[in-house]
Amino acid sequence: KRKMGSTDSTEEPTITVTPFYPIGTPGKPWTEAESEQWKAQTKIQRSYKQEVLDKLNNDNLNDDVLEVVQYGALSHDEQRYPLFAVKSRTWQEDKPCLLVTGGVHGYETSGVQGAILFLQKEALNYVDKVNILVFPCVSPWAYEHIQRWNADIKDPNRSFNKGVETEESMAVMTYLEKMNVSKWTIHLDLHETTDTDATEFMPAKHAQAGLMYESEVIPDGFYLVGDSENAQLDFQEAVIANVKKVTHIAPPDDSGNIIDEPVVKEGIIIVPANELGLCCSVTGGTYFTTTEVYPDSPRATDEICNLAQVAAITGALDFVLSK
């Protein structure tokens, strides 16, 4: 609200900005008080144990060829949030190596469930041809609380660089270093773009930083985020082609963009992944990408979203194995 019509030339006009997020003051970065207020309003909304850990102990994980390994635990509750990966029981250096990460953003459900579904239904078809390593739920606190941030109010998918690590990213990077793989062939980082990005998570991000927020266009459909330094568009197109068998691909907006980035091929945008600290860039492998499923589409179901993630993985594998 601007004060208008004053005849006093010394009086400065004042502006009141309508708050776009319930925590904080628009234009002012959060202090510890606002951070504590945000933490206080988070709550557990689903079970990491029931929806993730119990499935990893299930017999249908083909445990004769796959093994479950613990690679850490989140320090704020080590009993509730142990960290597990699933890998080929026999690792052979002459095979291509596949890395799949799910749940880097815990609220993005199909990233987690799609990774588990791949292990249950498709991994057996590939384990003789490739080495497989899957981190099904990188951020279990965020999974349970249905949040983008972790418990420390940090974005794990901006933390896969030295010096900016979160507990979640550090645990993954430490385990990858122990694996000592000379060259990862494929890495798919499984994500979603949701309506709550526009109503909750992006407003919160801007409020925390003291920035203003304007609404954004949420793309209706599946898309990929490749790396501008290593786009590998033929690989990205092969993944899109396989996913199209399961679900629809996001069209560009009226400006030819998806999430404010130019569309370079159908359903594909590219960004400086390493510079941004994105998980997909963590190995510096040959072929890598971030998947983005849209679960809020009227044309999508939970099952379709999970199957789209699986199709992205198998499409990537089929592309590499065909070369």
Inset, instruction - Please indicate, with yes or no, whether at least one residue in the stretch 181-195 is part of a helix (DSSP H, G or I), of a type outside the set (Asp, Glu) and surrounded by 20 or more Cβ atoms within 10 Å (Cβ to Cβ). - result: no
Inset, instruction - Those residues that are in contact with a strand residue (DSSP E or B) (Cβ under 8 Å, 6 or more places away or on another chain) and not β-branched (Val, Ile, Thr), I need them from the stretch 258-284; list them, please. - result: GLU261, PRO262, GLU266, GLY267, PRO272, ALA273, ASN274, LEU278, CYS279, CYS280, SER281
Inset, instruction - Please give the number of the condition TRP141 fails out of (1) without any contact (Cβ under 8 Å) to a residue 24 or more places away in the chain; (2) surrounded by 16 or more Cβ atoms within 10 Å (Cβ to Cβ); (3) not in a loop (DSSP other than H, G, I, E, B). - result: (1)
Legend entry - Of all residues making up the stretch 251-299, the number that are in a strand (DSSP E or B) and under 18 Å from ALA198 (Cα atoms): 5
Inset, instruction - Look at GLY163 and say whether it is open to solvent by 10 Å² or more (accessible area, probe 1.4 Å), of a type outside the set (Phe, Trp, Tyr), modelled with pLDDT under 95 and out of contact with any helix residue (DSSP H, G or I) (no Cβ under 7 Å at 6 or more places or on another chain). - result: yes
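The values are calculated or read from the model by the stated rules, or taken from the named source; none is laboratory data. Nothing here was measured: the structure is a model prediction, and the numbers come from that model. Reconstructed Cβ throughout: ideal geometry from the backbone, glycine too, with neighbour counts over all protein chains shown. We work out accessible area using only protein heavy atoms, side chains counted, and drop any ligands, DNA or RNA first. Shrake-Rupley method; radii C 1.70, N 1.55, O 1.52, S 1.80 Å.
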